[in-house]
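These notes concern the structure reproduced below.
Here, each number is a calculation from the coordinates, and none is a lab measurement. What you see is a predicted model; the values in this text were computed from it and never measured. FYI the Cβ positions are ideal-geometry reconstructions off the backbone, even for glycines, and counts take in every protein chain you see.
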């Protein structure tokens, strides 16, 4: 994070910049936007309260206590406060950086540390290992064990997060990464050449979404290049405070994607897009500024890209349905992409968009937050589902896999009639 030198009671490595904390004027515009403040009413669980904690540590008025650590992880990092802040304070990013401090001041025990390092250092950076890890889950579904477990209600006897995690698991198909051709040629009049960043969750849990993404891009006139050697974007590592591993992944992805010689780097995962756009700051000082700026200028969410180049609609098939749109936090707040998905929805023949109240309010997923704080996550989700139900729409559309997992589970548990789909599934349905 840019600003003055790191000072105070933070460790030198990956500490928030003091200047970022000083930006906060304590005006309170952030308070109505913060889900955790809405739940607790605690000042320390508000954006300005969290920034005040970071400032106190930087000014050596407070040690990096367990309370500071807990608030860093209790923040959803939804970035809604950043959208509301007149001074441009990035409270969520300050807390994200503080999470790396948590590992230095309050290290996990042996078992927790071993598990964390395996997931973050071994499994996520290794696509083959990550894909293999889901094989037992696919067998669990194929053999009918999941059906029996869900109907027996046995999981309700365990922890809330275990019950929720098992309930959120969508029907799994073989990973898409090795199935996608490296090059899919443009159809019709050629308009350009794009690189496709296939995210980890997308290839594992929503391969049908990314399959539609590349099909739509091809139909829209673009050659689609999908590097199989791509690594995790680093978003899970940033969320869990492992910024060093995130840097190593970013360096590899940057080199690989810049070598593809494409006009744009497109993703259908809001979390991945946000992480990729953050490479410019994450790798500051490690990579020439011109290279980072060139990379940043190419990264586009697929809705952002298609809205910018213009959707060819003359051959689209009507999809007669009503939809409402949930804005993923890391798309609307972190990337500033809000109108573009609506533009595409309004261009699909037969689709009627019914706006929900608080469409940009977090759904309560936020990476692992929804499992770590399952009770609070349910409260945030209930607020969202109430707004969904009020629209009466047939489909609930979103643009991020974490949101799709949370919302699909929530809709099913609440007995709502809406089906949850990714924007590209709907656009794929309209594409010949």
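Brief remarks follow.
- Considering only alpha-carbon pairs that sit under 8 angstrom and 6 or more positions apart, the relative contact order computed for region 314-430 is 31 percent.
- Relative contact order, percent, the chain [alpha-carbon distance under 8 Å, six or more residues apart]: 14
- Summary of packing: across the peptides 307-317, 216-226, 392-402, 18-28, the per-residue average of other C-beta atoms within 10 Å ranks them, highest first, as 392-402, 216-226, 18-28, 307-317.
- Euclidean distance of C-alpha centroids, region 259-299 and region 345-403, integer Å: 28
- From most to least packed by mean Cβ count within 10 Å, the peptides 419-432, 340-353, 109-122 give 419-432, 340-353, 109-122.
- Region 239-256 versus region 139-212: alpha-carbon centroid distance in Å: 23
- Region 314-430: equivalent-ellipsoid semi-axes (sqrt of 5 x gyration tensor eigenvalues, Cα, Å): 24, 15, 12
- Remark: 231, 372 ranked as 372, 231, counting other beta-carbon atoms within 10 Å and listing the fewest first.
- Only helical runs count toward this figure. For the chain, summing -39,500 (n - 2.57) over DSSP H runs of n ≥ 4 and dividing by all residues gives -14000 deg cm²/dmol at 222 nm.
- Over region 57-184, Cα pairs under 8 Å with separation of 6+ residues give a relative contact order of 14 percent.
- Of all DSSP-defined beta bridges confined to the chain, some 10% are antiparallel rather than parallel.
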